[in-house]
Amino acid sequence: MKRINIAFGIHNHQPVGNFDFVFEGAYNDAYLPFLEVLEKHPKIRIAQHYTGILFQWIKDHKPEFIPRLRKLVKSGQIEMMTGGFYEPILSVIPYRDKIGQINKLTKFVKEHTGYDPQGMWLAERIWEPQLPKPISEAGVTYVVLDDSHFKSAGLQNEQLLGYYITEEEGAPVFLFPISETLRYTIPFQKPEKTIEYLRSIATEGGQTLVVFADDGEKFGVWPGTHKHCYKDGWLEQFFQQLEANLDWINILHFSEALKKIKPLGRIYLPTASYREMMEWAMPTRAIHQYEEFENILKKNHLHDQYKVFVRGGFWRNFMAKYPEANNMHKKMLHISDRLARLDAKHRTSKAFQEAQDHLWAGQCNCPYWHGVFGGLYLNHLRFATYRQFIEAERILERLEKSAEEFKNGWVDLQTCDYDSDGLDEVIVTNKVMNLYFAPENGASLFEWDYKPKAINLLDTMTRREEGYHKKLLQHQQNHHQKNEGEIASIHDLVVMKEEGLQNFLHYDFYRRASLLDHFLKDDATLDSFAQSQYEEAGDFLTAPYEWSRSELKNGRTIEFWRSGRVSGSHGASAVWLEKRITVLNSEARIVVDYKIKNDEQQERAFWFGSELDFALLAGDADDRYFVFPGRELNGARLRSTGEIKDANQVYLVDEWLGLRIGLKFEPSGCIWRFPIETISQSEAGFERVYQSSVVFPNWKFKLQPGAVWSNKLEITIEDLKR
């Protein structure tokens, strides 16, 4: 009789910062019912991986789950796997953090299940050739990866029925290829389909091994899968089918396969992830070309045969595609370096351990990328990441600063290529704030950390075209055809969470930040400005500025200036602009003094405004709103749009965060306000996400030759009593 060996692995994960109700829902819809079905079928043996974030939540909120899991581990039905505790992309965090994160989860698994894991789940199956060394040094023996990784190295399907060994500097790791066929039949097709496939690859020798390993959320969290897997009984039927064929299907743990089956050979894999991820990492135009090429192959019936050679991009390019992801990543690297530079005394302290854990939590992969999954567009995940980093920085300051400095406050200023773009940024810090300026990009303020609340007030997204927006425009209704007895893969679904989303597809031609200097033409309107459908009159917005610094008795000033051109009815005018920012030692306040000089020999008229962008999580909540003193608003929520003329004061209030941002202007001007909202795709469908609120004070004025217009802008952050 022909036989086949099969190894099963399930990966369960929720990101740092996800809502508690999401954890609860995933537990009730997937994690618990899966375990309950598994308990009824003791002959079904599976490797289980729970990320440390999720495992800790289960321990704290569902402690009754742990003894049940431990019992199945003890019986040999479950083999536990390790990985990075907070599910980082292992290849892009420092070496010391790679090993530390794995060791943390290994210790947690051993403590709560009694199992010493030999294998690990690699976040998003993102592989780079240097990984075997740190993985091996962390005590890990094997890793499971997509079969497409191996095919990229030139292997054929028949060469993937087993496992391989690889190494880096002689440090070995065994690699198991995950069958793409099984990833798409389980649980999306009838159980018989999987049995038929296993029968087709069974061999006389019985040494053949095939692997299924995938997300546990496929079994209850993905749209339609809870009903499919449990109410309609797919998982029960699947386990029954396996049990009915155990005379020729041998279910092995990965650790058992290492003992009973020899490796097929040595292999060195290229950089890779699952193929959808590599597509998402490319620029939008390249994604469209990639999809067109795939369609050509499909029309000519060549796709199945040659799709392995149709490879997308490289995961790290998410940090080139999205400056927002890059800034989080580089902040992480800077904090890790600061921790590494602490002396031995501090490195053994409890404070160091707390700061390190905040750093590791901020390395959770989800907010650093985007596709059908990935949480870059989800503001609450970015919020959580920045919160972890700022908390780590607060602890580091306690270790680095003296008691005298904490008593009197400080203003530090440093220049460095913070975001690795080849250009220097200016970082100003005091006791309660971090301010990040980009002199080469309009002298804009792109990060503003308020330390007491551990929040980056400028954590917004620039609106940009995504590859799937084309699909949104083509599908105006929630409809999907599927064959009877099958459920659509999440990659094929087209679901709209509200009607008319295509009307919100606006794309910015510059990066959203604060203290952006705009000169407008006469035909600009609030709507055209909010939709980025206007034309700049000046060349200041993203241009390089010169800068200098000055010391004050209790703070510092930073001056940015530029000579540029502003077009108007009389042609282009020479204009000099200066903005001087004052930061005091212990105050959550900045003062911005603007000066604009007409360098022409004739009078000129100007329309100038300073864009300020604030990210406060929710745009439609009753407890997040604008206040214009003495003015009645027709809709005051942070998602509102409007114009207030002759105003000199506005507040943005977030009662949930306990925060109020006050803006004062001198002289008074016209204030536009509008939200930044993105249309993104998640496993739940296409959705509109509030990212931030723009406040745009603007002024119209005329200047005689050589005359200077001045303006003072004061921004204050206040804590609200709760």
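Observations on the model:
- Any hit, the stretch 153-164, residues being touching a Phe, Trp or Tyr at 6+ places or on another chain (Cβ under 6 Å) and over 28 Å from Leu69 (Cα atoms): yes
- Scanning the stretch 418-432 for residues that are open to solvent by 20 Å² or more (accessible area, probe 1.4 Å), in contact with a Lys or Arg (Cβ under 9 Å, 6 or more places away or on another chain) and either over 23 Å from Ile395 (Cβ atoms) or basic (Lys, Arg) (or both) yields Asp419, Ser420, Lys431.
- Selection within the stretch 370-422 - in contact with a strand residue (DSSP E or B) (Cβ under 7 Å, 6 or more places away or on another chain), among the aliphatic types (A, V, I, L, M) and farther than 30 Å from Ser680 by Cβ: Val411, Leu413
- Only residues that are in contact (Cβ under 8 Å) with a residue 40 or more places away in the chain and touching a Gly at 6+ places or on another chain (Cβ under 9 Å) were counted in the stretch 133-160, giving 6.
- Odd one out for Tyr594, checked against (1) over 33 Å from the mean Cα position of the chain (by Cα); (2) over 22 Å from Cys670 (Cα atoms); (3) of a type in the set (Ser, Thr, Tyr): (2)
- Selection status of Thr557, within 38 Å of the chain's Cα centre (by Cα) and open to solvent by less than 30 Å² (accessible area, probe 1.4 Å): yes
- Taking helices (runs of 4 or more DSSP H) as the structural unit, those lying wholly within the stretch 318-381 and holding at least 1 residues that are touching a residue at least 60 places away in the same chain (Cβ under 8 Å) and open to solvent by 30 Å² or more (accessible area, probe 1.4 Å) correspond to 323-341, 350-362.
- Looking only at the stretch 34-64, and only at residues there that are surrounded by 14 or more Cβ atoms within 10 Å (Cβ to Cβ) and among the basic types (Lys, Arg), the one that is nearest to Tyr86 (Cα to Cα): Lys59
- All strands (runs of 3 or more DSSP E) inside the stretch 604-694 with 3 or more residues being surrounded by 21 or more Cβ atoms within 10 Å (Cβ to Cβ) and touching a residue at least 60 places away in the same chain (Cβ under 8 Å): 604-614, 659-682
- Among the residues making up the stretch 528-538, those that are touching a residue at least 24 places away in the same chain (Cβ under 8 Å) and surrounded by fewer than 16 Cβ atoms within 10 Å (Cβ to Cβ) are Ser532, Gln533.
- Test for Glu391: is it open to solvent by 30 Å² or more (accessible area, probe 1.4 Å) and either at negative phi or in contact with a Cys (Cβ under 6 Å, 6 or more places away or on another chain) (or both): yes
- The strands (runs of 3 or more DSSP E) found entirely in the stretch 522-602 include none that carry 2 or more residues being touching a His at 6+ places or on another chain (Cβ under 9 Å).
- Long-range neighbours under 8 Å by Cβ, at least six apart or interchain, first residue under 16 Å from Phe23 (Cα atoms) and touching a residue at least 12 places away in the same chain (Cβ under 8 Å) within the stretch 53-79, second surrounded by fewer than 21 Cβ atoms within 10 Å (Cβ to Cβ) and among the aromatic types (Phe, Trp, Tyr): Leu54/Phe23; Phe55/Phe108; Gln56/Phe108; Trp57/Phe23; Ile58/Phe65; His61/Phe23
- Lone unmet requirement of (1) modelled with pLDDT under 90; (2) open to solvent by 40 Å² or more (accessible area, probe 1.4 Å) for His301: (1)
- Condition check for Arg688: over 29 Å from Gly568 (Cα atoms) and in contact with an Asp or Glu (Cβ under 9 Å, 6 or more places away or on another chain): yes
The values are calculated or read from the model by the stated rules, or taken from the named source; none is laboratory data. As the structure is a computational prediction, the values presented were derived from the model and not from experiment. So basically every Cβ, Gly included, is an ideal-geometry build from the backbone, and we count neighbours across all protein chains shown. Calculation scope for accessible area: heavy atoms of the full protein, side chains included, ligands and nucleic acids excluded. Shrake-Rupley method; radii C 1.70, N 1.55, O 1.52, S 1.80 Å.
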